[in-house]
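Remarks on the structure that follows.
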Amino acid sequence: MLDRPGRLAEETARETTERWIGAFNAALTGGRPAALSELLVEDCHWRNLFGLSWYFATFSGNAVVVAELLARAGKVHAAGFRIDTAALAPRQAVVAGREVIEAVIRFETDNGPGYGAVRLLPQPDGEAKTSTIKAWTISTSLDFDSIVAARTRAASESHTRDFAAPDWLEQRQASAAYETGDPDVLIVGGGHAGISAAVELNRVGLSALVIDREQRIGDNWRLRYRGLKLHNKTPVNHLRYLPFPSTFPDYIPKDKIANWLESYVDILEVDFWTRTDFEGADYDEASQRWTARLSREGSPRTLRPKHIVLATSVSGTPNIPTIDGIENFKGPVLHSSRFAAGKAWAGRSVAVFGTGTSAHDICQELQAAGALVTMVQRSPTMVVNVEPAQLYDKAYLGDGPPIAVRDILNSGVPLPVMKIAHKLMTDEVKRLDAPLLTRLERVGFRLEFGEDGTGWPLKFRTRGGGYYFNVGASELIADGKIKLVQAADIAGYEPDGIAFKDGTRLGCELIVLATGYKGPDHLLQQLFGAEVARRVGRVWGFDEASSELRNMWTRTPQPGLWFTGGAFSQARIYSRYIALQIAAIEAGRLAKQLD
């Protein structure tokens, strides 16, 4: 995050880091709290991604971190902490405004080998004015690739070709049919998050079946509005094992994403059923299996998986708000998920409710097609030009280490530090975008920049939206080519338009509700019953106790029920933790239910 060359020579940084990690390993394995405390700054943070225990949490503050590190490291006999110079030579960087030495670490535990990242801060040492080095942030994760490689080596055996046996295609077809057995894991939702989870589950030796209601793999992207593209750059969004080609554009169009997902499923041999609805499931405590009710191409089907992963996305189900009186409007009212293209509305008046990314893109497409467009703002929204927006993803852009190392560094930034960094970035973004933001405010657009000014990434993690990466719609609004009104000024709805409190009216033939999507927990009661919904509670948004997203990528209070979702990078990083936990459960090394 905001890396830059430092003043410390590489050799000095390495020697300093080696001394620190040696002292850290001795203090931790020796169970010496006072010595460990001396190696950490007072406002330190430790993010554990299942590295030193099967627990996903961030711990903050010297006393808390020391106690938790010692307790959890002792239970899994964590040892052998060392710097991985092959992955990344210790280097100077700037993180959240602080100059640090940044390094990748390795270690061993009873659960398997691990890796992580450490960021060290020079500290004034009393009156001598010399400097010591202490850790500001530490992260620990299980090393998925090493664990899988060890299992693969143990399971490998020589074989001869049997021409009477089923060939590869016949084996794949039989595997995907599940006519004589059930998948270990049923994944509901066939977007990038569900597919990524299936790939990692297969790699740890578990069978996973993805189901999706759409007609074709990738349709959850393919069928969205015509102008949709990713709004962060391609290097951030690679899928694991098969990155996007270098020929791909910086911002990938939806149909290109859809086609790539379809190819990815084929190449990575993911079992995938299209045209399949998930109608609900019941959990049997005795057998520790689900009874899942499906409708595949109109025919009922029952499966009994051990685990269900809901990958219906943090923005998968349309949020259609209750708008008093809108039933008086006699024209079509469409959610943005049902809006296909603007060409049919050339020369006609359209009102678009919402000011997030989808609303802006749809307004821009309609305006380009010759429609008379009015945007209806319901709440303040963050606007950032698409290029300054890439500051938040700087860790993945430009020259640097491989993406696997960047993932270690990026996932090793705990939430409190991320908030500081993102506030600094947002301040810089606001400075760069000041001319545009001033013009927007002049026409009445209401702006806001997230909690404590931390910008769009944390808005995404808390509410799944509330921002727009400007690719031209903001200039159209500022120029009056897209009209802007406030929802609070609406008095009511008429058969052919909208009436305002000041006595004016807007004639329109179509209303588009670009009002976002519901969170992943809204379907719980409908699909699993009231008791499961109550037990699980909220999904997505930050949990105050753990500083992590609620019920995401970890065991939930409901045994056998998991959640995944989020951006491409989140799916790439966190899917393997679902796979490792489920593999540990099935091997009897981990309790199925979260304590």
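The values are calculated or read from the model by the stated rules, or taken from the named source; none is laboratory data. Note that the structure is predicted; figures quoted are calculated from it, not measured. In this analysis, Cβ positions are derived from the backbone assuming ideal geometry, glycine residues included, and neighbour counts consider all displayed protein chains.
Residue-wise test of (1) surrounded by fewer than 23 Cβ atoms within 10 Å (Cβ to Cβ); (2) over 29 Å from the mean Cα position of the chain (by Cα); (3) in contact (Cβ under 8 Å) with a residue 40 or more places away in the chain.
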site: Glu38; (1), (2), (3): yes, yes, yes
site: Asn48; (1), (2), (3): no, no, yes
site: Gly51; (1), (2), (3): no, no, yes
site: Ala57; (1), (2), (3): yes, no, yes
site: Ala63; (1), (2), (3): yes, yes, no
site: Glu68; (1), (2), (3): yes, no, no
site: Ala71; (1), (2), (3): yes, yes, no
site: Gly74; (1), (2), (3): yes, yes, yes
site: His77; (1), (2), (3): yes, yes, no
Leading residue by the ranking (nearest to Ala487 (Cα to Cα)) among those in region 430-452 that are within 25 Å of the chain's Cα centre (by Cα) and either crowded, with 16+ Cβ neighbours inside 10 Å or among the charged types (D, E, K, R) (or both): Glu448
Every pair of residues 6+ apart whose Cβ atoms lie under 6 Å, when the first sits in region 341-352 and is touching a residue at least 12 places away in the same chain (Cβ under 8 Å) while the second is surrounded by fewer than 24 Cβ atoms within 10 Å (Cβ to Cβ) and acidic (Asp, Glu): Gly342/Glu365; Arg348/Glu509; Ser349/Glu509
Search result, residues across region 158-174 that are of a type in the set (S, T, N, Q) and either assigned to a loop (DSSP other than H, G, I, E, B) or modelled with pLDDT under 90 (or both): Ser158, Thr160, Gln171
Lone unmet requirement of (1) buried (at least 22 other Cβ atoms within 10 Å of the Cβ); (2) touching a strand residue (DSSP E or B) at 6+ places or on another chain (Cβ under 8 Å) for Gly519: (2)
Matching residues in region 176-200 - criterion: being in a loop (DSSP other than H, G, I, E, B) and without any contact (Cβ under 8 Å) to a residue 60 or more places away in the chain: Glu179, Thr180, Gly181
Region 416-425 - residue that is crowded, with 20+ Cβ neighbours inside 10 Å and touching a strand residue (DSSP E or B) at 6+ places or on another chain (Cβ under 8 Å) and, of those, farthest from Val471 (Cα to Cα): Val417
Residue within region 56-73 that is assigned by TED's automatic domain parsing to the domain that holds Ala35, within 20 Å of Asn25 (Cβ to Cβ) and assigned to a strand (DSSP E or B) present: yes
Scan of region 74-86 for residues that are among the small types (Gly, Ala, Ser) and not in a helix (DSSP H, G or I), ordered by number: Ala78, Ala79, Gly80, Ala86
Helices (runs of 4 or more DSSP H) wholly inside region 463-546 that include at least 2 residues being outside the structural domain of Arg446 (by TED's automatic domain parsing): 524-528, 530-536
Qualifying residue in region 95-116 (condition: within 30 Å of Glu428 (Cα to Cα), modelled with pLDDT of 95 or more, surrounded by 13 or more Cβ atoms within 10 Å (Cβ to Cβ) and hydroxyl-bearing (Ser, Thr, Tyr)): no
Residue check for Arg161: surrounded by fewer than 16 Cβ atoms within 10 Å (Cβ to Cβ) and not assigned by TED's automatic domain parsing to the domain that holds His307: yes
Scan of region 539-595 for residues that are crowded, with 19+ Cβ neighbours inside 10 Å, among the aliphatic types (A, V, I, L, M) and either at pLDDT 95 or above or touching a Cys at 6+ places or on another chain (Cβ under 9 Å) (or both), ordered by number: Leu549, Met552, Leu561, Ala571, Ile573, Ile578, Ala579, Leu580, Ile582, Ala583, Ala584, Ile585
